[in-house]
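The values are calculated or read from the model by the stated rules, or taken from the named source; none is laboratory data. Because the structure is a prediction, the values reported are computed rather than measured. When we count neighbours, we look across all protein chains shown, and the Cβ atoms used for this are built from the backbone with ideal geometry, even at glycine.
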Amino acid sequence: MLLDTPICNFGWKAPDFTLKDPNGQLFTMSDHLRNGLLIAFICNHCPYVKTLADRLAQDTDLLMSKGIGVLSVMSNDYRDYPEDAPDRMLEFARENGFNFPYLVDEEQTVGRAYGAVCTPDFFGLNANGLLQYRGRLDNLRRGETGARVPELVDAMLRIAETGQGPQDQTPSMGCSIKWTHGCV
């Protein structure tokens, strides 16, 4: 099911969390705030994520080179969607050149706390952990040269420089988060 994310709730204080990657290494959100932090809710099986995975790897490498932290979170119920299982996450990250931590939200608590709706769902935080961006990787409008407008990169660079995100944001869209049975 195709879903759009809500409009950015500027200044919302992102809750801290600690999650493991598929190898069992712990990562704490607040340790990665730096000049800002991008949290990307993604998964392996979503066609939207598959389509943008190479670009996500390139864009996050650029952001990390500018001192911006990047974490990705997989909140899907991988028991019902085995393609999203931790061992497959390692493979997906390696195949797509992800240089950021790809974390397992086993209990889906982080996805729920953030109100994640779909994959991909991008949350851009400033150095104080306040939400300043919730939008797409690229804007659908074309730039003057015909190239795609890198909305996420532009937003995160602006957040790193000023602490504030752009007022004009295009909601992300993608596949719904696959919640454990009985959860909404």
Got at least one residue in region 160-182 being touching a Pro at 6+ places or on another chain (Cβ under 9 Å), at pLDDT 95 or above and of a type in the set (Val, Ile, Thr)?
no
Please enumerate the residues belonging to region 44-68 that are among the hydrophobic types (A, V, I, L, M, F, W, C) and farther than 30 Å from residue 79 by Cα.
62, 63, 64, 68
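Among the strands (runs of 3 or more DSSP E) lying completely within region 30-131, list those that include at least 1 residues that are in contact with a Cys (Cβ under 6 Å, 6 or more places away or on another chain), closer than 21 Å to residue 175 by Cα and in contact (Cβ under 8 Å) with a residue 12 or more places away in the chain.
Values: elements: 37-41, 69-74, 102-104, 121-125.
By residue number, 69-74.
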Take the conditions of a type in the set (Asp, Glu), surrounded by 18 or more Cβ atoms within 10 Å (Cβ to Cβ), modelled with pLDDT of 95 or more and within 18 Å of residue 136 (Cα to Cα) and apply them to residue 21. Does it pass?
no
Quickly run through region 25-45 and pick out the residues that are surrounded by fewer than 17 Cβ atoms within 10 Å (Cβ to Cβ) and of a type in the set (Val, Ile, Thr).
28
Residue 97 fails exactly one of (1) touching a helix residue (DSSP H, G or I) at 6+ places or on another chain (Cβ under 7 Å); (2) at negative phi, namely (2)
Subset tally (residues that are loosely packed, with under 14 Cβ neighbours inside 10 Å and closer than 16 Å to residue 155 by Cβ) for region 63-94:
1
Taking the residues in region 118-129 that are crowded, with 20+ Cβ neighbours inside 10 Å and hydrophobic (A, V, I, L, M, F, W, C) as candidates, determine which candidate is farthest from residue 41 (Cα to Cα).
125
Return the residues of region 7-26 that are closer than 16 Å to residue 125 by Cα and assigned to a loop (DSSP other than H, G, I, E, B); say none if nothing qualifies.
7, 8, 9, 10, 11, 12, 14, 15, 16, 17
Residue list for region 46-62, restricted to those being more than 14 Å from residue 153 (Cβ to Cβ) and either in contact with a Lys or Arg (Cβ under 8 Å, 6 or more places away or on another chain) or among the aliphatic types (A, V, I, L, M) (or both):
49, 53
For region 95-110, give me the residue count where each residue is out of contact with any Leu (no Cβ under 7 Å at 6 or more places or on another chain), closer than 19 Å to residue 25 by Cα and surrounded by 14 or more Cβ atoms within 10 Å (Cβ to Cβ).
4
Hits in region 57-90 - residues which are within 13 Å of the chain's Cα centre (by Cα) and more than 22 Å from residue 163 (Cα to Cα):
57, 73, 74, 75
